[in-house]
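As structure tokens, the structure follows; a few thoughts come after it.
What follows draws every value from the coordinates through simple rules; no lab data is involved. These numbers come from a predicted model, not from an experiment. All Cβ positions, even for glycine, are placed from backbone atoms using ideal geometry, and neighbour counts span all protein chains on display.
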Amino acid sequence: MERTLIIVKPDAVQRGLTGEIIKRFEQRGLKIIGIKLLQVDRELAETHYDVHRERPFFAGLVEYIISAPVVVMALEGSDAIAAARTTIGATSPSLAAAGTIRGDYALEIGRNLVHGSDSVENGEIEIANFFAESELCGGWARAVDSWVFE
Ligand code: IDP
Ligand code: MG
């Protein structure tokens with residue numbers, strides 16, 4: 001099983017899309033093992049987006065992610081990284097397929113609603129950055145698990 005960190009970004013929370021976005025991951029079969037609302041501080045934002053530190057959009061990206069509360073989730077499932085990213089859609093919403101979150105609800109790259117980890121390793125690192133171990137229900141069994149996971 002893989003784990004991915006999902007961030008329902010400030011624009012999505014402000015636009016009342018939190019439930020719709022959570023629903024799409026739940027319906028896909030991914031299991032929520034951690035979830036909370038928080039206002040990200042600058043230090044955590046810069047850590048999370050450290051890989052983009054030298055990019056021209058970095059400062060604006062940090063201001064965006066700290067500008068209002070976000071909902072963060074740790075999701076677990078087979079191929080959770082790829083499954084979540086295909087549900088999210090391409091980084092630039094104008095190129096995201098219809099049926100994806102970004103393709104259905106967003107227009108601009110700097111307001112693209114949701115984050116999903118890009119590798120198994122980064123998923124573990126990002127979850128540890130946002131959640132204490134005591135905030136995660138790892139390994140809880142869903143009644144439907146055998147109908148989702150073969
Ligand atoms: P991802 O979120 O699809 O993994 P990344 O390339 O990791 O995309 O970029 C992280 C985030 O940085 C994007 O989701 C988007 O919010 C922002 N971003 C990326 N490229 C640009 C840009 O060219 N202008 C403004 N924001 C950008
Ligand atoms: Mg990324």
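Observations on the model:
- The GluC sites (Glu not before Pro) of region 5-57 that meet both conditions, a loop assignment by DSSP and at most 10 other Cβ atoms within 10 Å of the site Cβ, are GLU54.
- Inter-centroid distance (Cα atoms) of region 114-129 relative to region 1-76, Å: 10
- Partners for LYS36 among aspartates and glutamates (Cα-Cα distance below 12 Å; same-chain residues under 8 apart left out): GLU135
- For VAL114, the residues whose modelled amide H falls within less than 5 Å of its own, excluding neighbours fewer than 5 places apart on the same chain, are LYS9.
- With contacts taken as Cα pairs under 8 Å and at least 6 residues apart, region 1-128 reaches a relative contact order of 39 percent.
- Spin-label model distance (nm) - SER78 vs PHE58, 7 Å beyond Cα toward Cβ: 4.0
- Choice from GLN27, GLN39, GLN14 showing the highest fluctuation, given a GNM over the chain with Cα pairs closer than 10 Å: GLN27
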